[in-house]
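Accompanying notes for the structure given below.
The values are calculated or read from the model by the stated rules, or taken from the named source; none is laboratory data. Fair warning: this is a prediction, and the values are worked out from it, not measured in the lab. Here Cβ is always computed from backbone atoms with ideal geometry, including for glycine, and neighbour counts include all displayed protein chains. For the accessible areas, the whole protein counts, side chains as well, though only heavy atoms, and no ligand, DNA or RNA atoms are used. Shrake-Rupley method; radii C 1.70, N 1.55, O 1.52, S 1.80 Å.
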Amino acid sequence: MENILTGFTNVLQPEVLLILILGIFAGVIIGALPGLTATMGVALLLPITFGLTPITGILLLIGIYFGAIYAGSVSAILINTPGTPAAAATTFDGYPLAQQGHARKALQVSTISSGIGGFLSVIILIFLAPKLANFALKFSAPETFALAVFGLSIISSIAGKSMVKGLIAGTIGLLIGTIGLDPISGFPRFTFGEMKLLNGIYFIPVMIGLFAATEAFKNMNLSNTVSKGVVKLKKSTLSLMEAKGLIGTVLRSTGIGTFIGMIPGSGGDIACFVSYNEAKRFSKNPEKFGKGALEGVSAPETANNATTGGAMVPLLTLGIPGDAVTAVLIGALMIQGLQPGPLLFQNHGDIVYSLFVGMLLANLLIIVIGLLSIRLFTKVLAIPKYVITPVILVLCVVGSYALQNSFFDVWVMFVAGIIGYFMQRWGFPASPVILALILGPVAESNFRRSLVMSQGDFSIFLSRPITVVLLSLAVLTLFTPLFRYLLEKRKKGNNPEIPVE
Amino acid sequence: MKKINLICSIFLFLLAIAAFSMASTFPSLQGSHTGPGSFPKILSVIIGILSIILFVQSILNKEITKGSTEKIKPAVIAMTIIFIYLLSIKWFGFFYVTPFVIIVFLIYAKVKHWMLYVGLPVGVIVFVYFIFEKMLQVPLPNGSIFA
């Protein structure tokens, strides 16, 4: 208790609060721009912390981290392009809501959900950190494989109208994920002798192409029409009734996000999909998902910000990063003379609790800053398509290049944009491709590592409790929509919808 | 849409065969049950099966997705402009080519406000320069002519 009070005293200083707010603003800009990630933002701005005190330096980076994870939803909702991978699932319902004129409401839901999810995950971090860290460390290759398979099984939920086309898109994504050096043997697969393909196809340029560039190509039809493609904004705000209806979703998604964030190597990009799927499973109106359901925005946004607190659990208690950003934060802590791990609490308890208080404040500030900025964000919708389209395409090019300073990524984005346009035209969903690109390599490498661990014995996947639970959930998740789909087809009888040629 | 589905399913089936054939040439690891080719082969088989299902569904008119009826020409024009843009960046650099590309899009959209032809390209360039080059220290391509 004394430590927490010390934390409040340390953090509630004008200069500390100012640095935190600046960090959040920088994070919001970075997160909202497709192609820039939270990891990139934290890594690039880390040198600024050299001249700052430990508390201000780390809180600056935490502000950037939390702000970026939240702000990915802004572009996801307004222009159907996730600003960060963790906002990929937010596009499913956020963008339809914006198209229906409810952008303000969607942004309110994402802001409040992000802030609450992050806030609650920090509370969990403060009170349960050591116990949770030990549990997270039980995750080895079989558990990580099972978690990845569980994530992949969500493809059946996001496949849209055609299950077959959705599964095809997902499997193609998995196949694209095998391009490059084999993770175990280092053998080059499907590289055709091309050096640039040795590192594989990075999923972020593909995501930018499939979401942003595709949307921009589609917008060309509206660019020279009378309406100029401007969406009329309705004066809808989130009502108390609607907010109450999201409480269950927020609490469940906080748990999912915090848990996934704690597992080293998994973060918001997995949590958003898992949380979306669970929200749909538990929803009274699952048919509304994909068409503008508020739960469909709340679930992924709560979960992705909840991973921030979860990722700090193994970092601070064991010195093991929970995700890519916390891996960079280890460097930041060490620069400030703080060795992450069990002794951190003993040797620098005041700083640790100051960081906890700072994180709580950061999430509250995100709610305040986010809600105040909604009017500014929604002005994007008033911009005619003939202005937005070239700007988006230029940002796609810049964002893809900025990832790895590689023009190859720009070409990947361009090709993905063209493919995405025709996929959309022909009824193939794009989201399973991204999900598969993210999780496919994780699933494959951990599957093969598990077999190395068990010396070829497949029973390793059935003898570990966490693995069994996750694989069972994966089977349930994969086949439930399929059963629903077949039942619906049966109900429609022998008169299925005739497709339009 | 039926024709498109049939063509897609045939293309995907051929892709599956090609991927399987290539994966079969990957070496297996000694003492290991799975090699570099195992996962791609499994995926190729799955794609092959799914493409057959799509083919059959299309033949039987049971494939229910509706295609888009939007005109394709504007999108193809945008793709062509971006293709030329990307080729030009390599020669002339990002900051010289980008304003021209934005102006081309505005001309295509028959924009009449002349201020946009100046303001939008300048605004985009200044924004990108400040955020990417100055704040994030990401050097953008200069092009081989001006390098």
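Tabulated values for the structure
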quantity	calculated
Whole-Hz ³J(HN,Hα) from phi, Karplus 6.51 cos²θ - 1.76 cosθ + 1.60, for segment A:84-95, glycine and proline x	9, x, 5, 9, 4, 6, 5, 5, 4, 10, x, 5
For segment A:1-156: rounded, prolate or oblate by the Cα gyration tensor [a/c cutoff 1.5]	oblate
Rg/Rg_globular for segment A:295-350, with Rg_globular taken as 2.2 N^0.38 Å and Rg from C-alpha atoms	1.32
Euclidean distance of C-alpha centroids, segment A:384-445 and segment B:77-120, integer Å	20
Whether segment A:86-205 is rounded, prolate or oblate, judged on the alpha carbon gyration tensor where a/c under 1.5 counts as rounded	oblate
Theoretical FRET efficiency, 1/(1+(r/R0)^6), r = Cβ-Cβ of A:Gln346 and A:Lys288, R0 60 Å, to 0.05	0.75
Net charge of Cβ neighbours under 14 Å - reference A:Pro142; Lys, Arg +1; Asp, Glu -1	+1
Bins of 10 Å, starting at 0 and running to the largest distance - Cα pair percent for the protein assembly as shown	3, 16, 26, 28, 19, 7, 1, 0
Net charge, A:Pro96 excluded, C-beta distance under 11 Å - Lys, Arg +1, Asp, Glu -1	+1
Cut-off under 5 Å, modelled amide H: who pairs with A:Arg189 long-range	A:Gly180, A:Leu181, A:Asp182
Where A:Lys280, A:Lys291, A:Lys489 fall by accessible area, highest first, once all protein chains stay in place (1.4 Å)	A:Lys291, A:Lys489, A:Lys280
Accessible surface buried upon B-A contact (total; probe 1.4 Å; Å², nearest 100)	6800
Approximate spin-label separation B:Ser24-B:Phe130, in nm, with each point projected 7 Å along Cα-to-Cβ	6.0
Whole-percent carbon and sulfur share, accessible surface of chain B, 1.4 Å	74
Distance from segment A:352-376 to segment A:234-278 (C-alpha centre basis), Å	17
Size of charge dipole - chain A - debye, nearest 20, with Cβ of Lys, Arg +1 and Asp, Glu -1, no other charges	1660
Whole-number percent relative contact order across chain B, with pairs defined as alpha carbons under 8 Å at least 6 apart	22
Whether chain B is rounded, prolate or oblate, judged on the alpha carbon gyration tensor where a/c under 1.5 counts as rounded	oblate
Span-rule helices in chain B, defined as complete DSSP H runs reaching 30 Å or more along the axis (Cα) with Kyte mean at least 0.0	B:2-24, B:38-59
Value at 222 nm in deg cm²/dmol, rounded to 500, when DSSP H runs of n ≥ 4 in the protein assembly as shown each add -39,500 (n - 2.57)	-23000 deg cm²/dmol
Test item: A:394-405 mean partner chain Cβ contacts at 10 Å	5
Inter-label distance for A:Ile4 and B:Lys2, nm, one decimal - labels placed 7 Å from Cα along Cα-to-Cβ	6.8
Positive-pole candidate from A:Phe483, A:Leu393, A:Leu44, dipole of chain A, charges at beta carbon	A:Phe483
Protein accessible area in chain A, 1.4 Å probe - carbon and sulfur %	67
Heavy-atom accessible area per residue - segment A:350-395, 1.4 Å, Å²	35
Lys pairs, segment A:230-387 - Cα-Cα below 25 angstrom, 8 or more residues apart or on other chains	22
